[in-house]
1. Can you report the number of residues in segment 15-50 which are open to solvent by less than 50 Å² (accessible area, probe 1.4 Å) and either part of a helix (DSSP H, G or I) or touching a Pro at 6+ places or on another chain (Cβ under 6 Å) (or both)?
2. Can you tell me which residue is most open to solvent (accessible area, probe 1.4 Å) among those in segment 1-14 that are without any contact (Cβ under 8 Å) to a residue 12 or more places away in the chain and in a helix (DSSP H, G or I)?
3. Is it true that Ile43 is under 30 Å from Asn14 (Cα atoms) and either among the β-branched types (Val, Ile, Thr) or modelled with pLDDT of 50 or more (or both)?
4. Out of all the residues in segment 53-65, which are open to solvent by 40 Å² or more (accessible area, probe 1.4 Å) and either of a type in the set (A, V, I, L, M) or within 20 Å of Arg34 (Cβ to Cβ) (or both)?
5. Based on this model, can you work out whether Ser108 counts as open to solvent by 70 Å² or more (accessible area, probe 1.4 Å) and modelled with pLDDT under 95?
Amino acid sequence: MRGFASLANMSIRNFQRKFKAEFKRPVREWLNERRAKRILHNIRNTDRSIAEIAASYGFATSSYFTIFCKQYFGMTPSELRRGSKQTTPKGRQAVSSEFSRGGEPGSSLRRPKPHAVKNTK
């Protein structure tokens, strides 16, 4: 986030305020959604191991990576790879075909609790 603020020649706080006013969401939420989209693509479209994908995105443990995936997609990384489950417990679509085709991030992502996901990159 510091890099974005610097590029815009703004303080971090001013950048956060302007970003939220323009995009109707906090910067960190937007960044996590972009990150989740890339993670989903890697899980579904590469032969890389789940552990390798988790490490490449800065997750210290596989259990934290699993928590991240369950919060964003309603499924574990292995379930996402297998494609065995399509809905979340509340009947909401967990990973829609729109998201899989590269639709707008957040259109099919579950919103995690704000304190639950830390930026590890």
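The values are calculated or read from the model by the stated rules, or taken from the named source; none is laboratory data. What you see is a predicted model, and the numbers here were worked out from it, not measured in a lab. Virtual Cβ from ideal backbone geometry, glycine too; neighbours counted across all protein chains shown. Protein only, heavy atoms only, side chains kept; ligands, DNA and RNA dropped before computing areas. Shrake-Rupley method; radii C 1.70, N 1.55, O 1.52, S 1.80 Å.
1. Qualifying residue count for the region: 13.
2. So in segment 1-14, the residues without any contact (Cβ under 8 Å) to a residue 12 or more places away in the chain come out as 2-3, 5-14.
Filter again for in a helix (DSSP H, G or I), leaving 2-3, 5-7, 12-14.
Details: Arg2: 176, Gly3: 45, Ala5: 2, Ser6: 85, Leu7: 151, Ile12: 65, Arg13: 134, Asn14: 48 Å².
It comes out as Arg2.
3. Values: under 30 Å from Asn14 (Cα atoms): no; either among the β-branched types (Val, Ile, Thr) or modelled with pLDDT of 50 or more (or both): yes.
So Ile43 fails the test.
4. Going residue by residue through segment 53-65, those that are open to solvent by 40 Å² or more (accessible area, probe 1.4 Å) are 55-56, 60-64.
Once the filter is applied, which keeps residues that are open to solvent by 40 Å² or more (accessible area, probe 1.4 Å) and either of a type in the set (A, V, I, L, M) or within 20 Å of Arg34 (Cβ to Cβ) (or both), segment 53-65 yields Ala55, Ser56, Ala60, Tyr64.
5. Details: open to solvent by 70 Å² or more (accessible area, probe 1.4 Å): no; modelled with pLDDT under 95: yes.
In short, no.
Conditions tested, residue by residue: (1) hydroxyl-bearing (Ser, Thr, Tyr); (2) closer than 23 Å to Ser78 by Cα.
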{"site": "Phe19", "(1), (2)": "no, no"}
{"site": "Glu22", "(1), (2)": "no, no"}
{"site": "Glu33", "(1), (2)": "no, yes"}
{"site": "Arg38", "(1), (2)": "no, yes"}
{"site": "Ser49", "(1), (2)": "yes, yes"}
